[in-house]
1. Measure off 7 Å from each Cα along the Cα-to-Cβ vector at V55 and S25, then give the distance between these two points in nanometres to one decimal.
2. If you restrict to DSSP beta bridges whose two residues both lie in the chain, what percentage is antiparallel, to the nearest 5?
3. Setting aside same-chain residues fewer than 8 positions from K43, which aspartates and glutamates have a Cα under 20 Å from its Cα?
4. Let me cross-check L53: its accessible surface, 1.4 Å probe, with only protein heavy atoms counted, in Å² to the nearest 10?
5. What is the percent carbon and sulfur in the accessible area of the chain, measuring with a 1.4 Å probe over the protein chains and ignoring ligands?
6. Dividing the Cα convex hull volume of the chain by residue count, how many Å³ per residue is that?
7. In nm, what is the difference between 0.36 nm times the number of residues separating Q116 and S103 and their Cα-Cα distance?
8. With a sphere of radius 11 Å drawn around the Cβ of Y80, what net charge do the other residues whose Cβ falls strictly inside it have (Lys, Arg +1; Asp, Glu -1)?
Amino acid sequence: QVQLVESGGRLVQAGGSLRLSCAASRRTLRASAMGWFRQAPGKEREFVAAISLRVFSALYADSVKGRFTISRDNAKNTVYLQMNSLKPEDTAVYYCAARGRSSPSRILDEYDYWGQGTQVTVSS
């Protein structure tokens, strides 16, 4: 059974930092490119960042480029999203997703498995 569990979300002041974690089953992580998406109230879920399976190439949304960093530790079966210089507009539920291919994608529908999400709230 595929399971993705996000953690690390909380309330933080603007300008602060957070690191989100996504724990995955060993089988899932070692066969999947991984992505982070977010959904703010009243808005559609949007792409944030994604990382490939092996060479660890990454994609970022323009809105987070230079502030967020995605990484993965296959030995720990975990994917991370380091978020710096947080802004109130980063407030959202953040979701981890797994794609059953080695290459990352910005497209929501190309991901096969999703976590339950973790809330990030950035106060001004």
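1. It works out to 3.0 nm between the two label points.
2. 90
3. Straight-line reach from K43, under 20 Å: D62, E89, D90, D109, E110.
4. 10
5. 45
6. 90
7. 2.4 nm
8. +1
The values are calculated or read from the model by the stated rules, or taken from the named source; none is laboratory data. The structure displayed is predicted, hence computed values, not measured ones. Don't worry about glycine lacking a Cβ; one is built from the backbone with ideal geometry, like all the others, and counts go over all protein chains shown. Calculation scope for accessible area: heavy atoms of the full protein, side chains included, ligands and nucleic acids excluded. Shrake-Rupley method; radii C 1.70, N 1.55, O 1.52, S 1.80 Å.
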